[in-house]
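K.L.:
Below is the structure I would like to discuss, written out as structure tokens.
The values are calculated or read from the model by the stated rules, or taken from the named source; none is laboratory data. The model shown is predicted, which means the values in this text are computed figures rather than measured ones. With ideal geometry, Cβ positions are generated from the backbone for all residues, glycine too; neighbour counts draw on all protein chains shown.
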Amino acid sequence: MGAESLFEYGSRVGFWRLMRLFESRGLPCTMYVCALALEGHPQAAEYIRNHAPRLDVCCHGWRWWRQDNLSEEEEREHIRLAVESLKKTLGIDSTRYLGWYGRYAPSVRSRRLLAEQGFAYDSDAYNDDLPYWLRVAGKPHLVVPYSIQNNDVHLAYGNLGTGAHFYESMKDAIELLLEEGHDGSPKMMTIGLHMRLVGSPKYARSIARLLDFTKTFGDDIWVTTRSNIAKHWWEVNPGGLRPDPESN
């Protein structure tokens, strides 16, 4: 019950605090949504629906269960149930740009099962500063990597002690990637935020500073959603496939 209560802070308080920060600045973000969790929070689901497409959704599974421990039949069914749940709570009518990010790690068959159900991309990777292509079942499939480095989990489990520390580390990353972009090599940066962590007062002010910092660069930074990144890659770089070592 103690652990449940710690996590519940995010849905009771942190969600709304962070949403106010993004909404007041007109900035978009992508929600990693566990389908059954959203079913239990209809007010949050209504808020997300009412603020789409500024608020985007990437599915974080049906339940918060590890995919790699499921059988193929169970994993396929969990993906189907997650999609049906989000269609009900959010009115999603297509899985194409509904991304997927599983808990901890995908199974060896996850991408094939996602492709079966129409997903255009997933974020089950940490290995690049840009999206990249794979072939899954002989067809193009986009990976939009996530980040554990640019992530507030370091406030809970790492060596970042304050919101100011997190702000400075994210500022350093943004400035370096901008330098590389100006040298002709644009990059993507994901910042992972958890409602139960940076939704607390001791950290939220630094998140506000970070959002304001991104706005100072004008068109040099495209603050957008993962769905928009995926759509952009499909439109401007559909032929950018690189060989998948696991594909025949």
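K.L.:
Only residues that are crowded, with 16+ Cβ neighbours inside 10 Å and hydroxyl-bearing (Ser, Thr, Tyr): list them for the range 108-136, please.
P.N.:
Within the range 108-136, 110, 121, 123, 132 qualify.
K.L.:
Test of understanding: among 107, 94, which residue is in contact (Cβ under 8 Å) with a residue 24 or more places away in the chain and within 19 Å of residue 230 (Cβ to Cβ)? If you could, list the steps in order and put the result at the bottom.
P.N.:
Values: 107 fails: within 19 Å of residue 230 (Cβ to Cβ).
Residue meeting the stated conditions: 94.
K.L.:
Then there is this: Select from the range 137-172 the residues that are under 18 Å from the mean Cα position of the chain (by Cα) and in a helix (DSSP H, G or I) and write down the one among them that is surrounded by the most Cβ atoms within 10 Å (Cβ to Cβ).
P.N.:
Applying the filter and picking the extreme gives 170.
K.L.:
Scan (1) out of contact with any Asp or Glu (no Cβ under 8 Å at 6 or more places or on another chain); (2) closer than 24 Å to residue 104 by Cα; (3) β-branched (Val, Ile, Thr) for the single condition residue 223 breaks and write down its number.
P.N.:
All conditions are met except number (2).
K.L.:
Next up: Given the conditions (1) at pLDDT below 95; (2) part of a loop (DSSP other than H, G, I, E, B), which single one is not true for residue 128?
P.N.:
(1)
A quick yes/no check of all residues on (1) closer than 26 Å to residue 105 by Cα; (2) crowded, with 17+ Cβ neighbours inside 10 Å:
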position	(1), (2)
177	no, yes
188	yes, yes
230	yes, yes
233	yes, yes
237	no, no
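K.L.:
Then there is this: Which one is nearest to residue 8 (Cα to Cα), of the residues in the range 210-224 that are surrounded by fewer than 15 Cβ atoms within 10 Å (Cβ to Cβ) and without any contact (Cβ under 8 Å) to a residue 60 or more places away in the chain?
P.N.:
For the range 210-224, the residue satisfying everything is 222.
K.L.:
Do the conditions hold for residue 46, that is, is it free of Cβ contacts under 8 Å to residues at least 24 places away in the same chain and either out of contact with any Leu (no Cβ under 6 Å at 6 or more places or on another chain) or not in a strand (DSSP E or B) (or both)? Steps first, answer last, please.
P.N.:
Details: free of Cβ contacts under 8 Å to residues at least 24 places away in the same chain: yes; either out of contact with any Leu (no Cβ under 6 Å at 6 or more places or on another chain) or not in a strand (DSSP E or B) (or both): yes.
For residue 46, the condition - free of Cβ contacts under 8 Å to residues at least 24 places away in the same chain and either out of contact with any Leu (no Cβ under 6 Å at 6 or more places or on another chain) or not in a strand (DSSP E or B) (or both) - is met.
K.L.:
Quick check on residue 36: is it loosely packed, with under 14 Cβ neighbours inside 10 Å and either touching a Lys or Arg at 6+ places or on another chain (Cβ under 8 Å) or assigned to a loop (DSSP other than H, G, I, E, B) (or both)?
P.N.:
Numbers: loosely packed, with under 14 Cβ neighbours inside 10 Å: no; either touching a Lys or Arg at 6+ places or on another chain (Cβ under 8 Å) or assigned to a loop (DSSP other than H, G, I, E, B) (or both): yes.
No.
K.L.:
Counting only residues that are free of Cβ contacts under 8 Å to residues at least 40 places away in the same chain and crowded, with 21+ Cβ neighbours inside 10 Å, which one in the range 67-82 is nearest to residue 140 (Cα to Cα)?
P.N.:
Filtering first and then ranking leaves 79.
K.L.:
When the range 70-101 is examined, which residues are found to be in contact with a Phe, Trp or Tyr (Cβ under 9 Å, 6 or more places away or on another chain) and either assigned to a loop (DSSP other than H, G, I, E, B) or of a type in the set (Phe, Trp, Tyr) (or both)?
P.N.:
Passing the criteria: 95, 96, 97, 98, 100, 101.
K.L.:
Okay, next question. Out of the range 168-224, which residues are farther than 27 Å from residue 143 by Cα and of a type in the set (Ser, Thr, Tyr)?
P.N.:
200, 203, 206, 216
K.L.:
Here's a follow-up. Conditions: (1) within 28 Å of residue 15 (Cα to Cα); (2) surrounded by fewer than 16 Cβ atoms within 10 Å (Cβ to Cβ); (3) modelled with pLDDT of 95 or more; (4) not hydrophobic (A, V, I, L, M, F, W, C). Residue 63 meets all but one. Number of the miss?
P.N.:
Only one criterion is unmet by residue 63, namely (3).
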